[in-house]
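The values are calculated or read from the model by the stated rules, or taken from the named source; none is laboratory data. Since we're looking at a predicted model, the values are computed, not measured. Note: ideal-geometry Cβ built from the backbone for every residue, glycine included; neighbour counts use all protein chains shown. Please note that ligands, DNA and RNA were not included when accessible areas were found on the heavy atoms of the full protein model with its side chains. Shrake-Rupley method; radii C 1.70, N 1.55, O 1.52, S 1.80 Å.
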Amino acid sequence: MNPLLQHLQPYPFERLRQLFAGVTLPSHLRPISLGIGEPRHATPHFLTEQLTAHLDGLASYPATAGSMELRQACSNWLQRRYGIAVDAATQILPVNGSREALFSFAQTIIDPTQPGATVLCPNPFYQIYEGATLLAGAQPCFVPSDPARNFAVDWDSVPADVWAKTQLIYVCSPGNPTGAVMPLDEWQKLFALSDRYGFVIASDECYSEIYFRDEPPLGGLEAAVKLGRTDYRNIVAFTSLSKRSNVPGLRSGFVAGDAQLLKSFLLYRTYHGGAMGLPIQHASMAAWSDEAHVQENRAMYREKFAAVMPILEPVMDVRLPDASFYLWPRIPDALGMSDTEFARELLESTNVTVLPGSYLARNVHGHNPGAQRVRLALVAETAECVEAAQRIADFIQKKLK
């Protein structure tokens with residue numbers, strides 16, 4: 001067996017299952033889960049129609065690079081969304097969802113023969129970053145997010161000797177679980193560090209289309225162009241249809257950026273078996289070419305957050321995120337409870353599932369930046385989310401009496 005597998009930690013949802021073992025659920029309350037970030041809005045009909053209309057494509061092996069029509073649809077979307085030019089032939093690759101691409105990209109980039117090969121991750125973070133790092137033979141370094149600066153990652157806390165060994169950094173903007181968007185000056189800092197130390201930036205942007213303000217979130221490639229890096233050197237952006245178009249089961253997204261990096265990534269994927277089926281390619285083309293369903297989806301999330309925030313704000317330290325469909329509230333100190341105790345007692349009392357924040361972060365210098373927080377995924381319909389929020393508020397108020 002691969003000995004590196006021994007270094008993997010249980011996934012947050014396995015830890016949640018263990019935490020809830022033995023809990024007796026209140027039978028008079030229907031279960032409501034805010035624990036998993038799985039979109040539950042309806043899949044647009046035109047996507048399912050495109051999928052079934054091209055089932056004859058199942059009779060053919062698809063090319064790993066995808067069809068030129070799909071890559072051009074992705075390029076056109078980047079032009080409309082960010083106002084940037086990305087070459088469909090050399091700077092875009094379709095992938096089977098951003099999750100598998102974020103994982104396999106590390107296997108392409110990391111050179112484990114280099115002493116101390118290091119990958120930087122934000123803390124808290126998406127656990128795929130850690131698993132990809134460990135299985136590529138590198139060591140993760142977790143960089144804390146600062147709540148006082150809108151959960152900006154404290155890159156200045158990374159010592160020069162760590163930067164010197166860094167081969168890859170993962171950034172997530174909008175962030176999971178914080179919903180924070182990286183501003184242009186932070187991108188400028190990372191690009192300067194990349195030029196100095198030679199590391200690659202993997203920019204996870206799968207929540208980019210769920211936002212609450214008029215200005216859409218800044219993307220990594222967009223930031224590169226604004227800063228004169230039109231060759232996208234040492235940056236690759238990862239995006240997905242799962243959240244944007246409510247098709248997590250389609251497993252469809254694409255990566256875009258540095259042509260030389262993507263040439264190597266394509267070679268890896270050719271052996272890895274990362275080709276996207278032709279019916280999925282046709283559905284994906286339709287999705288990337290339509291914005292009306294995305295606007296409707298975004299409006300539903302805005303309505304949902306507008307309804308939930310006034311219920312939770314009086315009882316928790318919570319703020320509207322820049323983007324994404326998560327809330328990242330802090331548990332009131334007066335409760336005297338850890339985030340895991342809160343999640344377990346909340347389930348037992350209200351039948352509402354939330355994810356302990358400490359499960360989404362790692363202890364660094366004795367501190368876990370997710371501790372005393374919980375992640376709430378507002379993915380259900382508005383009425384269900386409102387009911388869950390009210391149960392949470394009632395639970396806290398009762399505990400504080």
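Observations on the model:
- Subset of the range 315-338 that is open to solvent by less than 10 Å² (accessible area, probe 1.4 Å) and not in a loop (DSSP other than H, G, I, E, B) - its residue that is farthest from Y211 (Cα to Cα): L327
- Hey, P217 in contact with a Gly (Cβ under 8 Å, 6 or more places away or on another chain) and modelled with pLDDT of 95 or more or not: no
- Sole residue being at pLDDT below 95, of a type outside the set (K, R) and not assigned by the TED database to the domain that holds R298, chosen from N76, N2, N96: N2
- Out of A299, A223, sole residue that is in the same structural domain as S324 (by the TED database), free of Cβ contacts under 8 Å to residues at least 60 places away in the same chain and part of a helix (DSSP H, G or I): A299
- In the set V374, V308, only one residue is touching a residue at least 12 places away in the same chain (Cβ under 8 Å), in a strand (DSSP E or B) and of a type outside the set (D, E); that residue is V374.
- Residues that are more than 16 Å from S252 (Cα to Cα), out of contact with any strand residue (DSSP E or B) (no Cβ under 7 Å at 6 or more places or on another chain) and surrounded by 13 or more Cβ atoms within 10 Å (Cβ to Cβ) within the range 30-41 comprise R40, H41, listed in sequence order.
- Among the candidates A136, A117, residue that is aliphatic (A, V, I, L, M), more than 21 Å from C206 (Cα to Cα), surrounded by fewer than 20 Cβ atoms within 10 Å (Cβ to Cβ) and touching a strand residue (DSSP E or B) at 6+ places or on another chain (Cβ under 9 Å): A117
- Residues satisfying the stated conditions in the range 32-47, i.e. outside any loop (DSSP other than H, G, I, E, B) and either free of Cβ contacts under 8 Å to residues at least 60 places away in the same chain or charged (D, E, K, R) (or both): H45
- Options G273, G253; residue that is crowded, with 17+ Cβ neighbours inside 10 Å and closer than 29 Å to Q167 by Cα: G253
- Looking only at the range 184-238, and only at residues there that are over 17 Å from A152 (Cα atoms) and of a type in the set (V, I, T), the one that is nearest to the chain's Cα centre (by Cα): I210
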